[in-house]
Amino acid sequence: MRNIEFNNGDLSFDIEKIENFDVPITVSKAYDSNLDSPYTIDVEGTSYWYAEQEERDADFEKLKSIVPKFSFVEL
């Protein structure tokens, strides 16, 4: 089991499962100003929430380096 640390603990927990998804997979950034943690990364129906844009963007870039076969959509 690899120990990859993300700013979002749930994403750290799920990364091994995510790496095994069959393509095509789309990973996207989202924002909802009505929430306390308005920044998100969406991966196959699962959202990972962040209070800070910088943390979300750092995890998004890390995902791009770990699973480059996925499609990444930025706002």
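Over 10 Å from the mean Cα position of the chain (by Cα) and of a type outside the set (A, V, I, L, M, F, W, C): is that true of Tyr31 in this structure?
When the stated conditions are applied, Tyr31 passes them.
Conditions tested, residue by residue: (1) modelled with pLDDT of 95 or more; (2) of a type in the set (Ser, Thr, Tyr); (3) surrounded by 14 or more Cβ atoms within 10 Å (Cβ to Cβ); (4) out of contact with any Leu (no Cβ under 9 Å at 6 or more places or on another chain).
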site: Asn3; (1), (2), (3), (4): no, no, no, yes
site: Asn7; (1), (2), (3), (4): yes, no, yes, yes
site: Val23; (1), (2), (3), (4): no, no, no, yes
site: Pro38; (1), (2), (3), (4): yes, no, yes, yes
site: Trp49; (1), (2), (3), (4): yes, no, yes, no
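When residues of the range 25-36 are filtered for being surrounded by 14 or more Cβ atoms within 10 Å (Cβ to Cβ) and assigned to a loop (DSSP other than H, G, I, E, B), how many remain?
1
Is it the case that the range 6-19 has a residue that's part of a loop (DSSP other than H, G, I, E, B) and out of contact with any strand residue (DSSP E or B) (no Cβ under 9 Å at 6 or more places or on another chain)?
Looking through the range 6-19, none of the residues is part of a loop (DSSP other than H, G, I, E, B) and out of contact with any strand residue (DSSP E or B) (no Cβ under 9 Å at 6 or more places or on another chain).
Could you list, in sequence order, all residues of the range 50-75 that are closer than 22 Å to Asn3 by Cβ and not in a helix (DSSP H, G or I)?
Tyr50, Val67, Pro68, Lys69, Phe70
The values are calculated or read from the model by the stated rules, or taken from the named source; none is laboratory data. If you're wondering where the values come from, they're calculated on a predicted model, not measured in any experiment. Heads up, the Cβs are rebuilt from the backbone with ideal geometry, glycines too, and the neighbour counts pull from every protein chain shown.
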